[in-house]
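Read the structure below first, then the notes.
Nothing in this text is a laboratory measurement; each read-out follows from the coordinates by a stated rule. Note that the coordinates shown come from a computational prediction; the quantities given were computed from them, not determined experimentally. All Cβ positions, even for glycine, are placed from backbone atoms using ideal geometry, and neighbour counts span all protein chains on display.
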Amino acid sequence: MTPPTPGIGKPLKTELKTLRRHFATFMTNLSDAGLDVPGPVDPVALERVLGWLRSAVGEQVGLLAAQYSIKVGEDLATITPDENGWFFKEFTG
């Protein structure tokens, strides 16, 4: 059993576990696509797998930013959903 982490409430802990699952799935996706080998890999397959990771992590980062009023840097903002789009409606009113 994992000991409690001081200062991190259950909702944040749940969101962080979701991020961890996304990265675990990414590693599985790399393997499933045959991209876990040394040397040249299929760039189209790599782009597809990385695209999935960017989308999943981008949504999670957007969720965390909205819930905890975190300002997201310009580079990271490129993978998060648009503030004016559907994703943030739940948190803005």
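The modelled label-to-label distance for the pair Ser55/Lys10, using points 7 Å beyond Cα in the direction of Cβ, is 3.2 nm. Working from label points 7 Å from Cα in the Cα-to-Cβ sense, the Ala77 to Ser31 distance is 3.8 nm. Each residue of segment 21-38 was assigned a 3J(HN,Hα) from its phi angle through the Karplus expression (A = 6.51, B = -1.76, C = 1.60, θ = phi - 60°), giving 5, 4, 5, 5, 5, 4, 5, 5, 4, 4, 5, 4, 8, x, 9, 9, 10, x Hz with x at Gly and Pro.
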